[in-house]
């Protein structure tokens, strides 16, 4: 039932559109035109104004004829860098970037799979309940679109986000909370050649603290990372100021709290040792979610996978997505694998057959809701 040429053409056209985070205007306009061409009405919310971007979330409701719980289908419109001037290359069953930019299958593939599924159910007169469709902005920079969506207009019971890599049939049912950590280390400046002993090196404090930290893979549920370090003015000045951006993630709140406290303690001990000071700020970026195997949404997925001839794989992920936010808002949601590979790199690619099978899976999900 999937029109493969239409699916590929839509994907290629969408990935060519520049749509960096906070700069999704062209994508919103293109998708509005596509939805209207399908006979649907879409509107843009005011998220762009709230977050300082040039566009808001795009929202559309497809009315159903079947008395079943409404569902939410979601994908995001923004991409990471280098994401301007993308040139997709088709080689047999694979669509990839030309090697100078990302491809943008994250998450144009999710968008086109949703659009094609809507076309399939319409063209084949498939009965379904109400379907809310939301294409979000600024997912890649903190899930800002999902965070600022007005959920009073979305009365969905179940949510299906199409924004995961891996084998078709894979579904993320567990994802971690993330703490964003901002650290400021203050030392004391002094001439590095004449009076280094009168200075306090913020870099030395940072180095010792980081060397004492547990980082990377802490356990199967928990990770931590130092991502950005900035500081120093010149080689002949003892550095008096360092800024660090870090993160900690875990699917277990107690472990997340413990890891964050550990990172704070390492910083404070090093600062005390060398006579400096530390400002340590931690903020929850998004909550964890856990979907249990006996939850109703899993019954829907099992039925749909069987109908689509897929093996359902319930998976844990270490990444966050709009799915975290949706679950936090009371909509039972999962993140569905659509086959994108090597995302956030210039080697990004996706198989056409994977997108086709993802559409077939999504159509069966829509049919399985009861």
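Here, each number is a calculation from the coordinates, and none is a lab measurement. Note that this is a predicted model, so its numbers are computed, not measured. Note: ideal-geometry Cβ built from the backbone for every residue, glycine included; neighbour counts use all protein chains shown.
So what is the orientation-averaged projected area of the range 1-131, using the convex hull of its C-alpha atoms, in nm²?
For the Cα atoms of the range 1-131, the hull's average projected area reads 8.5 nm².
Can you put 11, 160 in order of Cβ neighbours within 10 angstrom, beginning with the fewest?
On the way: 11 26, 160 30.
If I rank by nearby Cβ atoms, fewest first, I get 11, 160.
Please report, in cubic angstrom per residue, the volume enclosed by the convex hull of the alpha-carbon atoms of the range 323-370. Working shown, then result.
On the way: hull volume 3.4 nm³, N = 48.
Here the figure is 71 Å³ per residue.
Can you tell me how much longer the chain between residue 63 and residue 123 gets when fully stretched, taken as 0.36 nm per residue apart minus their C-alpha distance, in nm with one decimal? Write down the numbers at each step before the final one.
Values: separation 60, 0.36 × 60 = 21.60 nm, distance 1.50 nm.
In short, 20.1 nm is gained.
Can you tell me which of 129, 199, 159 moves the most in a GNM of the chain? Springs connect C-alpha atoms under 10 Å apart.
With Cα springs under 10 Å in the chain, the top fluctuation among 129, 199, 159 is at 199.
Could you check which residue among 151, 286, 274 shows the biggest mean-square fluctuation in a GNM of the chain with a 10 Å Cα cutoff?
Comparing 151, 286, 274 in the GNM, the peak value goes to 274.
May I ask for the percentage of alpha-carbon pairs in the range 197-240 that lie more than 15 Å from each other? Write out the running numbers ahead of the final one.
Working: 512 of 946 pairs.
So the portion of pairs separated by more than 15 Å is 54 percent.
Starting from the Cα of residue 272, step 7 Å along the direction of its Cβ; do the same at residue 186; then give the gap between the two resulting points in nm.
So the label points at residue 272 and residue 186 sit 1.8 nm apart.
Of all DSSP beta bridges in the chain, what percent run antiparallel (nearest 5)? All intermediate terms of the calculation are to be shown ahead of the outcome.
Values: 53 of 75 bridges.
Looking only at bridges with both residues in the chain, the antiparallel portion is about 70 percent.
If you rank 140, 272, 243, 197 by fewest surrounding Cβ atoms within 10 Å, what's the result?
Values: 140 20, 272 12, 243 15, 197 7.
In order of increasing Cβ crowding within 10 Å: 197, 272, 243, 140.
Cα atoms only, the chain: Rg and Dmax in Å?
My reading of the Cα-based Rg and Dmax gives 23.2, 82 Å.
Which order do 361, 280 fall in if you start with the one that has the fewest other Cβ atoms within 10 Å?
Values: 361 28, 280 19.
Placing the least packed residue first, the sequence is 280, 361.
Determine, from the Cβ-Cβ distance of residue 155 and residue 194 and an R0 of 56 Å, the FRET efficiency 1/(1 + (r/R0)^6), rounded to the nearest 0.05. Each step should come with its number before you reach the end.
Values: r = 70 Å, r/R0 = 1.25.
E(calc), rounded to 0.05, equals 0.20.
According to the Cα gyration tensor, what semi-axes, each the square root of 5 times an eigenvalue, does the equivalent ellipsoid of the range 177-286 have, listed from largest to smallest in whole Å?
Values: eigenvalues 175, 27, 22 Å².
Three semi-axes, in Å: 30, 12, 10.
Just grab the label-to-label distance for residue 258 and residue 228, each label 7 Å out from Cα along the Cβ direction, in nm (one decimal).
Rounded to a tenth, the inter-label distance reads 3.0 nm.
Classify the range 11-84: rounded, prolate or oblate, from the alpha-carbon gyration tensor (a ≥ b ≥ c, eigenvalue square roots; a/c under 1.5 rounded; otherwise prolate if a/b is larger than b/c)? Mind dumping the intermediate values first?
On the way: a/c = 2.14, a/b = 1.67, b/c = 1.28.
It is prolate, given that a/c is not under 1.5 and a/b is the larger ratio.
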